[in-house]
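The values are calculated or read from the model by the stated rules, or taken from the named source; none is laboratory data. Owing to the predicted nature of the structure, the values given are computational and were not obtained by experimental measurement. Neighbour counts run over all protein chains shown; Cβ positions are idealised from the backbone, glycine included. Just the protein is used for accessible areas: all its heavy atoms, side chains included, with ligands, DNA and RNA removed. Shrake-Rupley method; radii C 1.70, N 1.55, O 1.52, S 1.80 Å.
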There are 2 protein chains.
Amino acid sequence: MARAGLTTERLTQAGAELADEVGFDQVTVSALARRFDVKVASLYSHLKNSQDLKTRIALLALEELADRAADALAGRAGKDALTAFADVYRDYAHEHPGRYTAARLRLDPETAAASAGVRHSQMTRAILRGYDLEEPDQTHAVRLLGSVFHGYVSLEMAGGFSHSAPDSQESWSRTLDALDALLRNWPAP
Amino acid sequence: MARAGLTTERLTQAGAELADEVGFDQVTVSALARRFDVKVASLYSHLKNSQDLKTRIALLALEELADRAADALAGRAGKDALTAFADVYRDYAHEHPGRYTAARLRLDPETAAASAGVRHSQMTRAILRGYDLEEPDQTHAVRLLGSVFHGYVSLEMAGGFSHSAPDSQESWSRTLDALDALLRNWPAP
DNA sequence: CTAATTTGCCTAAAGGGTTTAGGCAAATGC
DNA sequence: GCATTTGCCTAAACCCTTTAGGCAAATTAG
């Protein structure tokens, strides 16, 4: 019988595609085996288990997101950098909803520390260099930005802002305006 | 054989407790049956299916959250109202992580429209009456607040802000200070 | 206070996902 | 060309979901 040519990488990639098509929660080892027209047990030579597959998809998504963000940030500063970075998140979530959900998977501390998640916070701090914030306010601001980006995209994906005026795109722009204004005028404790 | 006295309400309640104990994703009809020391099939007279159970837990959580928020808002305005409201969300998420996760479940539009979710947005708008915002900026602000609250709590629950200085409580306070400042000084388009 | 009816929980069974153990054949190395 | 490694397979156990049909407990009616 001919071999299918399975590798951990190909499985992860296909898992990411599957996530975008049917939703991250619907990604199962069984569904992936069907996609490769192979028996389920065969995947267990390449994947520890179901959780392992999901973690790998999450790590892939974090890498992709960090790469896009780094591209977007190149040569930009201030509000320009802020909106470019924010748009990367939102656009990625729209293009790849399953991957984006995967990127929000809770990772155990050591996996997280070795992931592209670190690059994400470094880039957020880089953006804040365009504003005038000392520690600990810079850290507070990093956390606020992360919260807004994740929160907005997440509520939008859940359908929270659809079917009501104004347009979500409009609120997103105005939210970024507001964040820029806030960072330029950060309140004293 | 004696009867267990199952009702949809008791199952929902127990499901919510189970969610807080083992996580919302681990809430299954089987686990619930074990908790009542009853066969799995018996629950299907009271619940349509697994999704139905999860939706009911979500609706319960939304009600509880809205009740707490309404209490907290009584007699408060301005920044006082803003922080009281925000703290309700964060405290609820800490006390009832499973329920909080449930509250974020994607509901179909008609279920959502009949849920306590509507009260949540009404209350957010009520808070904004303490600030000077015209439409459509008021709607943008409602969306921003929802994003920050959800985003912050969600990242915090995922462990994003632990094991690093400063304290998450500190960032939360300063985030609320910042939001208050922003709402008092909302930028023109 | 029985008798009839409704209701509640049960057994049985089918379908799907996860995971491990052990086997044979294809690919690789000498 | 032969030995070894690697890859995919069969088989099987376990758990969760869901439906169908049955018996007994609780409720209602005469």
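Applying the selection to region A:12-41, what residues are more than 8 Å from DNA strand C (Cβ to nearest atom), open to solvent by 20 Å² or more (accessible area, probe 1.4 Å) and away from chain B (no Cβ under 14 Å)?
Hits for region A:12-41 are A:GLN13, A:GLU17, A:ASP20, A:GLU21, A:VAL22, A:ARG35, A:PHE36, A:ASP37, A:VAL38, A:LYS39.
Considering only region B:151-189, state which residues are open to solvent by less than 20 Å² (accessible area, probe 1.4 Å) and touching a residue at least 60 places away in the same chain (Cβ under 8 Å).
Of everything in region B:151-189, those that are open to solvent by less than 20 Å² (accessible area, probe 1.4 Å) and touching a residue at least 60 places away in the same chain (Cβ under 8 Å) turn out to be B:TYR152, B:VAL153, B:TRP172, B:LEU176, B:LEU179, B:ASP180, B:LEU183.
Give B:THR7, B:THR83 a once-over and let me know the one that is among the β-branched types (Val, Ile, Thr) and closer than 27 Å to B:SER162 by Cα.
Every option except B:THR83 fails the conditions.
Being farther than 19 Å from B:HIS120 by Cα and among the small types (Gly, Ala, Ser) is the filter here; which residues of region A:169-178 pass it? Quick ask: steps written out before the conclusion?
Of all residues in region A:169-178, those farther than 19 Å from B:HIS120 by Cα come to A:169-170, A:172-178.
Residues satisfying the conditions are A:SER173, A:ALA178.
Quick test of your reading of the structure: B:LEU107 fulfils all but one of (1) under 20 Å from A:ASP25 (Cβ atoms); (2) open to solvent by 70 Å² or more (accessible area, probe 1.4 Å); (3) away from DNA strand C (no atom under 16 Å from the Cβ). Name the failing condition by number.
Unmet for B:LEU107, out of (1) under 20 Å from A:ASP25 (Cβ atoms); (2) open to solvent by 70 Å² or more (accessible area, probe 1.4 Å); (3) away from DNA strand C (no atom under 16 Å from the Cβ): (2).
Looking at region A:124-136 only, could you name the residues that are part of a helix (DSSP H, G or I) and surrounded by fewer than 18 Cβ atoms within 10 Å (Cβ to Cβ)?
Restricting attention to region A:124-136, the residues satisfying the condition of being part of a helix (DSSP H, G or I) are A:124-128.
Within region A:124-136, A:ARG125, A:ALA126 qualify.
Please work out which one of (1) more than 30 Å from A:GLY117 (Cβ to Cβ); (2) within 12 Å of another protein chain (Cβ to nearest Cβ); (3) open to solvent by 50 Å² or more (accessible area, probe 1.4 Å) is the condition B:ARG119 fails and give its number.
(2)
Being open to solvent by 50 Å² or more (accessible area, probe 1.4 Å) and closer than 20 Å to B:ALA16 by Cα is the filter here, so list the residues in region B:72-96 that pass it. Break it down into steps so the answer makes sense when it comes.
Quick first cut of region B:72-96, residues open to solvent by 50 Å² or more (accessible area, probe 1.4 Å) only: B:74-77, B:79-80, B:87, B:91, B:94-95.
Correct list: B:ASP91, B:HIS94, B:GLU95.
Please determine whether any residue of region B:31-51 is aliphatic (A, V, I, L, M) and under 26 Å from B:HIS150 (Cβ atoms). Talk me through it step by step, then tell me what you get.
Start the filter on region B:31-51 by keeping residues that are aliphatic (A, V, I, L, M), which leaves B:31-33, B:38, B:40-41, B:43, B:47.
With under 26 Å from B:HIS150 (Cβ atoms) added as a condition, the list becomes none.
No.
Search region A:2-29 for residues that are closer than 15 Å to A:VAL40 by Cα and within 11 Å of DNA strand D (Cβ to nearest atom) and pair each with any residue that is among the small types (Gly, Ala, Ser) and part of a helix (DSSP H, G or I) when their beta-carbon atoms are under 7 Å apart and the residues are at least 6 apart or on different chains.
A:LEU6/A:SER42
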